[in-house]
Amino acid sequence: MRQVPVLAVPVPGRVPRRCALLCGALLLVTSCGWGTGGGGDGSGGPPGAPTGVTAEAGSATTVHVMWNAVDGVEAYEVHRGGTLVKEVPASDRMMDVVRLRPSTAHAFTVRARDADGRLGPHSREVRATTPAAVTDDSAPTRPRAALGRAAGSRAVQLTWSAATDDRAVVSYDVYQGDTKVHSVGGGQTAAVVTGLRAGTRYSFTVRARDAADNVSPAGTTVRITTPGSDDGRATAPGALRAASRNDDGAYYIDLTWAPPRTDGVVTEYQIHLDGRPATSLVYGGDAPRDRAEYSFYAGREAGVTHRVRVRARLSDGTWGGFSDERKVTTGDGG
């Protein structure tokens, strides 16, 4: 049976029988209501192969694999040779492959999977050789003199001074806030972080790693604001519609909207009612691609006008822009 999102009721009232049957199908932040969410990306075929795949040894036993997003997919599979290593959600475009053999060349590919379970072709194969294992209890020094600049409105370039280690620095890890977002080889002292938003302030730090997986303290925090204005339109849900419906003397407001076209699949929305957050809606593995639906109880009084708008949580963890606001009056149209 297709999963159905469990929805919150912002105003107390009688819950339809349909809600009682469907509660628990998905995670919910507040109480139970009812609703449905469409699925499928509408492409008519499996997703394409991920591009921009890279692999970089992070230590004697780890390799960092990264790739570009494929639009409208649900998950990615990372393969080492002919073996599936791990499946990660669409919001992730990187992973550390661990427990590898030292002093070994490893080959990796990535595949995308859509909501219907269709797998796309493998990406091009990339290789990385892990260094020799060492006995080392000393972490590298922290990278110093970190600097950064915006490279357009959706990317930043970072540079830093090389760290030192009693043996050798194998890689540098770049963090955006508390999240690791990039990794480069120990011979590099620069990185470009992409997939950012215009007019947004970011904080980055760099850590050095040696072959024994000892990690340095974080270097100086680099704070950069990407240029341009982010009016939210590019990340806002579109085509929001709101209609009133009467069910056995109670009024409900039915919403539909188009998910924003962003990297990854949107799995969480926030509904604002009359200028205030009413509920958060969290989908599982069946998040809608083409149209989302939501319905909530609005009381038993006719002629009451409400303002409704919706926004999505993006793959970087931030909230996108609000949809256009819609007004709906109980009793109109039902």
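Once each part is reduced to its C-alpha centroid, what is the distance from region 70-121 to region 153-200 in angstrom?
If we compute the Cα centre of each part, the gap is 22 Å.
Could you work out the relative contact order of region 175-334? I mean the mean sequence separation of Cα pairs under 8 Å and 6+ apart, divided by the number of residues, in percent.
Relative contact order, region 175-334: 22 percent.
Indicate the gyration tensor shape class of region 143-267 (rounded, prolate or oblate), computed on the Cα atoms with a ≥ b ≥ c the square roots of the eigenvalues: a/c under 1.5 is rounded; otherwise a/b larger than b/c is prolate and the rest oblate.
Note, shape of region 143-267 comes out prolate.
Over region 75-156, with a single point scatterer placed on each C-alpha, what log10 of the ratio I(q)/I(0) does the Debye formula yield at q = 0.12, 0.27 1/Å?
After summing over all Cα pairs, the log10 values are -0.59, -1.23.
In what sequence, highest mean first, do 248-260, 59-71, 187-199 appear when ranked by Cβ atoms within 10 angstrom?
The densest-packed peptide leads the list: 59-71, 248-260, 187-199.
Please list, ordered by chain and number, the residues whose modelled amide H lies under 5 Å from the amide H of V170; skip anything fewer than 5 residues away on the same chain.
Answer set, sorted by chain and number: R209, D210, A211.
Can you figure out the FRET efficiency of A243 with R307, using R₀ = 22 Å and their beta-carbon distance, to the nearest 0.05?
0.95
Distances over 24 Å make up what percent of all Cα-Cα pairs in region 129-217?
Tail of P(r) above 24 Å: 22 percent of Cα pairs.
Rule-based calculations on the coordinates, nothing more; no lab input. Small disclaimer: the values here were computed from a predicted structure and weren't measured. Heads up, the Cβs are rebuilt from the backbone with ideal geometry, glycines too, and the neighbour counts pull from every protein chain shown.
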